Amino acid sequence: MAYIQQILFILALSVAAYLISRRVLLIKKSIQLGRPIDRMDQPLKRLKNMLLTAFGQKKMFDKPVVGVLHFLVYAGFLLINIEVLEIIIDGVFGTHRIFAEPLGSFYTLVINFFEILALAVTLACVVFLIRRNVLKIGRLSPSKSKDMKGWPAMDANIILVFEIVLMMAFLTMNAADAILQERAVGHYADANTGPFVVSQWFLPILDNFSSTLLVAVERISWWFHILGIMAFALFVTYSKHLHIALAFPNTYFANLGTRGEIANMPAVTKEVKIMMELEQPGEDEEVGRFGAKDVEDLTWKSLMDAYSCTECGRCTSECPANQTGKELSPRKIMMRTRDRLEDIQKGWLANGYDHKDGKSLNGDYISEEELLACTTCNACVEACPIQINPLDIILELRRFNVMEESKAPQSWNMMFQNLETSMSPWKFSPDDRFKWVDDMKS
């Protein structure tokens, strides 16, 4: 029986590793669709930014209660899963609590710490479920935010419930194991850990079970816990919770310059330099596309932003355009960009990497009305806890509409004309620009 369990475990581990790696490579290829951008400068500053923002969750604590709860779930879940290393070794080699004997009393201390974290994670997840489904916080509730209708709301609830069930499986496994040790049943007698600090609360319930039933409970909990971790790791790659992994590279490669600064388009800058005879035109050089029509025209960092989005809604809750009833939602911009990448992946899997579906991010996924509503105030960029920049995507799509498709409001066209002829947004001679000062003096 032990050998069968080992074979089944190795098979499950191999299948999970294959599916997860296949999915990771697909996401990597999707991000690489974007245009190149250099984000390899100032490595020490980038490392500091990553440690403070992604690991330290610096911006999450702008809302202290939510920040503490999120940190408990994030750090607790990661630390608890250190135990997965022991489970994997036990599963592959058919051992039981292989670290218990060499670590001695320190092992009990570590598992006690993990159990306290498991309890904290469970309580925090319950609070988050209440916030979403009972209190119905505006930016998180599908009844109050169109962005969260359907899958986004279900995705969040699935993960929260899944984490609670995994923690319960971990505690149940430890409680059953402690009783089986006390009864000296089979190989359980070889471990001498005793009951643990939180799972001991389960002992009065499980102590009434027969040894045969307890072995079944321990084994089911053990299998559920490790298979659940594998399933969780795979599910995350399809979920907004991919930010668990991508928050680190996303903050490392974040823009270290002035946030909200609108970068010049290289093609336009070059044309201006050529006109001013500061640069010579290249032979048979093609002018690139102005702005972005589809994801291939965005930078790889913008595409990584889309996959890193936590869908927390802080950006949208701070957006003045959204607050005044406009269609624009920075969170939706990121979600729709990710939706576009996911649809491209489906085409690849069905028809090969050369497949084109005839759709584009600009128009089919994000509307002109949304783009025109943006005031470029940078509130969404400042609000994001992992330094995602929806403004970059909005500007590139809007540039395409204006410069390639001539889709600009009449008022904008008048302003553009005034800038070209009078070097200001207003229609009067540059010589008269400061005439109002003289009027003020008089």
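The table for this structure:
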{"item": "In Hz, Karplus ³J(HN,Hα) per residue of region 73-90 (6.51, -1.76, 1.60; θ = phi - 60°; x = Gly, Pro)", "result": "5, 5, 5, x, 5, 5, 5, 4, 6, 4, 5, 4, 4, 5, 5, 5, 4, 4"}
{"item": "Rounded to 10°, Cα long-axis angle of helix 266-275 versus longest principal axis of the chain", "result": "20 degrees"}
{"item": "Cut-off under 5 Å, modelled amide H: who pairs with ALA191 long-range", "result": "none"}
{"item": "Sites ALA2 and ALA184, calculated FRET efficiency, Cβ-Cβ separation with R0 25 Å, nearest 0.05", "result": "0.85"}
{"item": "Most fluctuating residue given options GLY352, GLY76, GLY228, as computed from a GNM of the chain linking Cα atoms under 10 Å", "result": "GLY352"}
{"item": "Crossing angle, helix 151-182 versus the chain [Cα axis fit, 0-90 degrees, rounded to tens]", "result": "20 degrees"}
{"item": "Cβ charges +1 (Lys, Arg) and -1 (Asp, Glu), total dipole of the chain, debye", "result": "920 debye"}
{"item": "For THR299, residues with placed amide H under 5 Å, excluding near neighbours", "result": "ARG35"}
{"item": "Per-residue HN-Hα couplings for region 244-253 [Karplus 6.51, -1.76, 1.60; θ = phi - 60°; Hz; x = Gly/Pro]", "result": "3, 9, 6, 4, 6, x, 5, 6, 5, 8"}
{"item": "Cα-centre dipole for region 266-408 with unit charges at Cβ (Lys and Arg positive, Asp and Glu negative), debye to 20", "result": "620 debye"}
{"item": "Column: log10 I(q)/I(0), Debye, Cα scatterers of the chain, q = 0.09, 0.11, 0.12, 0.13 Å⁻¹", "result": "-0.72, -0.97, -1.10, -1.22"}
{"item": "Per residue Cα convex hull volume in Å³ - calculated over region 2-252", "result": "166 Å³"}
{"item": "Using a Förster distance of 56 Å, the FRET efficiency for ARG259-LEU203 (Cβ separation, nearest 0.05)", "result": "0.55"}
{"item": "Ascending count of other beta-carbon atoms within 10 Å, so fewest first, for SER424, SER308", "result": "SER424, SER308"}
{"item": "Tail weight of P(r) past 19 Å, computed on alpha-carbon pairs of region 217-333, percent", "result": "69 percent"}
{"item": "Proxy reagent accessibility, fewest Cβ within 10 Å first, across VAL236, VAL73, VAL65", "result": "VAL65, VAL236, VAL73"}
{"item": "Where labels lie 7 Å past Cα in the beta-carbon direction, separation of SER105 and LYS48 in nm", "result": "4.2 nm"}
{"item": "Folded to 0 to 90 degrees: helix 390-403 orientation relative to the chain principal axis, Cα", "result": "30 degrees"}
{"item": "Residues LYS407 and THR269, FRET efficiency given R0 of 25 Å [Cβ-Cβ distance, rounded to 0.05]", "result": "0.60"}
{"item": "Karplus-derived 3J(HN,Hα), 6.51/-1.76/1.60, for each residue of region 318-328, Hz, glycine and proline x", "result": "9, 6, x, 5, 5, 5, 9, x, 6, 5, 5"}
{"item": "Fully extended contour minus Cα-Cα distance, from ASN351 to SER21, at 0.36 nm per residue", "result": "116.7 nm"}
{"item": "Computed lengthening from LYS149 to ASP439, 0.36 nm per intervening residue step minus Cα-Cα distance", "result": "98.8 nm"}
{"item": "Stokes-Einstein D for region 310-442, Kirkwood Rh over Cα pairs, 37 °C, 0.692 mPa s (µm²/s)", "result": "187 µm²/s"}
{"item": "Listed residues GLY91, GLY291, GLY358, most fluctuating in the chain (Gaussian network, C-alpha, under 10 Å)", "result": "GLY358"}
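Laboratory data are not the source of any read-out in this text; all were calculated from the coordinates shown. Since this is a predicted model, take the numbers as computed values, not measurements. All Cβ positions, glycine included, derive from the backbone under ideal geometry; neighbour counts span all protein chains shown.
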